[in-house]
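The values are calculated or read from the model by the stated rules, or taken from the named source; none is laboratory data. Just so we're clear, the structure is a prediction, and the values are computed from it rather than from any experiment. FYI the Cβ positions are ideal-geometry reconstructions off the backbone, even for glycines, and counts take in every protein chain you see.
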Amino acid sequence: MIILEACCVAKDGKLRDNQIGIWNDSFIEGLTKIANICRKHKTPTLIQLHHAGFKEEIATVSEGELDDILEEFIEAFYRAKKCGFDGIEIHGAHTYLISQLHSKLWNKRTDKYGDRLYFTRELIRRTKDIFNNNFILGIRIGGNEPTLEEGIYIAKEVEKVGVDLIHVSSGVPDPSFKQDRKIKMPADFSLDWVVYLGVEIKKHVQIPVIAVRSIIGLRKNINLGKI
């Protein structure tokens, strides 16, 4: 399976100047070409939808602005379906917008978005009609928001609202400690700490989980547990 890199839902929400976009219909033709090539080679392909967000300033963004971004995500979902991809992955990791909203460290809001999963739940609820067995929904989450326990909570919540696939990566780090030293891993776990987050989160959900980071090939005596 291919997951197409972060594709921005808003022109003012890019993580870099040359990031691909999907914020209006002019992108449909080019993205359709990508989807068609992947289909020609019988490779299922998801498009990852993204907004870079506001970092620590997420608490000062107006409720109306977040409402507008939610609408931009919804419109991008429908465009992605028109392009012919096999599904969508919501980018909710790496300190980008949805990671910021999921994070206890950065989300100190007192409005409806103070419910850290409100944006994600509402996005999924308002687009559920476009998903089926041939068009699936995944989400990339921070397994540490900022702890593994919070990652497990987020994973369980998104499973409840209908996500088909969870992709575990890193979230908003806690500046008070070096993250990989805080995660308690078995001595015989020889892969990266983010992979360990994915392995542990999988124990708490029934849907498939992707683990990622510094996977450089099979090693001897790897203990990943039951994945």
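Kindly indicate whether residue 9 is more than 30 Å from residue 208 (Cα to Cα), modelled with pLDDT of 95 or more and among the aliphatic types (A, V, I, L, M). Full working, then the answer.
Details: more than 30 Å from residue 208 (Cα to Cα): no; modelled with pLDDT of 95 or more: yes; among the aliphatic types (A, V, I, L, M): yes.
No.
The set of residues from region 51-96 being closer than 17 Å to residue 131 by Cβ and among the acidic types (Asp, Glu) comprises 75, 86, 89.
When you go through 64, 53 one by one, which is the residue that is within 19 Å of residue 107 (Cα to Cα) and within 21 Å of the chain's Cα centre (by Cα)?
Details: 64 fails: within 21 Å of the chain's Cα centre (by Cα).
Answer to the selection: 53.
Let me confirm something: among 71, 57, which residue is within 19 Å of residue 21 (Cα to Cα) and out of contact with any Phe, Trp or Tyr (no Cβ under 8 Å at 6 or more places or on another chain)?
Values: 57 fails: within 19 Å of residue 21 (Cα to Cα).
That would be 71, the only listed residue that is within 19 Å of residue 21 (Cα to Cα) and out of contact with any Phe, Trp or Tyr (no Cβ under 8 Å at 6 or more places or on another chain).
May I ask you to verify whether residue 77 is touching a strand residue (DSSP E or B) at 6+ places or on another chain (Cβ under 8 Å) and either farther than 24 Å from residue 167 by Cα or at pLDDT below 95 (or both)? Against the criterion (touching a strand residue (DSSP E or B) at 6+ places or on another chain (Cβ under 8 Å) and either farther than 24 Å from residue 167 by Cα or at pLDDT below 95 (or both)), residue 77 does not qualify. Total residues in region 34-55 satisfying the condition of being without any contact (Cβ under 8 Å) to a residue 24 or more places away in the chain and touching an Asp or Glu at 6+ places or on another chain (Cβ under 9 Å): the figure is 0. Looking for something under 30 Å from residue 176 (Cα atoms) and of a type in the set (Asp, Glu) - is there at least one such residue anywhere in region 122-140? Within region 122-140, not a single residue is under 30 Å from residue 176 (Cα atoms) and of a type in the set (Asp, Glu).
Scanning region 30-43 for residues that are within 21 Å of the chain's Cα centre (by Cα) and farther than 14 Å from residue 83 by Cβ turns up just one, 43.
One residue stands out in region 95-124 among those that are of a type in the set (A, V, I, L, M, F, W, C) and not in a helix (DSSP H, G or I): the one that is surrounded by the most Cβ atoms within 10 Å (Cβ to Cβ), namely 106.
Of the residues that make up region 172-181, is at least one closer than 30 Å to residue 131 by Cα and either touching a Leu at 6+ places or on another chain (Cβ under 6 Å) or at pLDDT below 75 (or both)?
Restricting attention to region 172-181, the residues satisfying the condition of being closer than 30 Å to residue 131 by Cα are 172.
Then keep just the ones that are either touching a Leu at 6+ places or on another chain (Cβ under 6 Å) or at pLDDT below 75 (or both); that gives 172.
Yes.
Name the residue that is surrounded by the most Cβ atoms within 10 Å (Cβ to Cβ), counting only residues in region 125-146 that are free of Cβ contacts under 8 Å to residues at least 12 places away in the same chain and polar (S, T, N, Q). Don't jump to the end; show me each part of the working.
Taking region 125-146 as the starting set, the residues that turn out to be free of Cβ contacts under 8 Å to residues at least 12 places away in the same chain are 129, 132-133.
Applying the additional criterion that residues be polar (S, T, N, Q) yields 132-133.
Values: 132: 9, 133: 6.
In this case the residue turns out to be 132.
When the test is whether a residue is crowded, with 22+ Cβ neighbours inside 10 Å, at pLDDT below 95 and either of a type outside the set (Lys, Arg) or under 19 Å from residue 97 (Cα atoms) (or both), residue 168 does not pass it. Residue 186 meets the conditions (1) loosely packed, with under 15 Cβ neighbours inside 10 Å; (2) touching a helix residue (DSSP H, G or I) at 6+ places or on another chain (Cβ under 9 Å); (3) in a helix (DSSP H, G or I) in every case but one. The failed one is (3). When the residues of region 29-62 are filtered to those that are farther than 15 Å from residue 8 by Cβ and of a type in the set (A, V, I, L, M), which remaining residue is modelled with the lowest pLDDT? Filtering first and then ranking leaves 59. Here residue 207 fulfils each of the conditions (1) at pLDDT 95 or above; (2) of a type in the set (Val, Ile, Thr); (3) crowded, with 17+ Cβ neighbours inside 10 Å; (4) part of a loop (DSSP other than H, G, I, E, B) apart from (3). Is it the case, given these coordinates, that residue 32 is among the β-branched types (Val, Ile, Thr) and not in a helix (DSSP H, G or I)? Taking the combined requirement at face value, the residue does not satisfy it.
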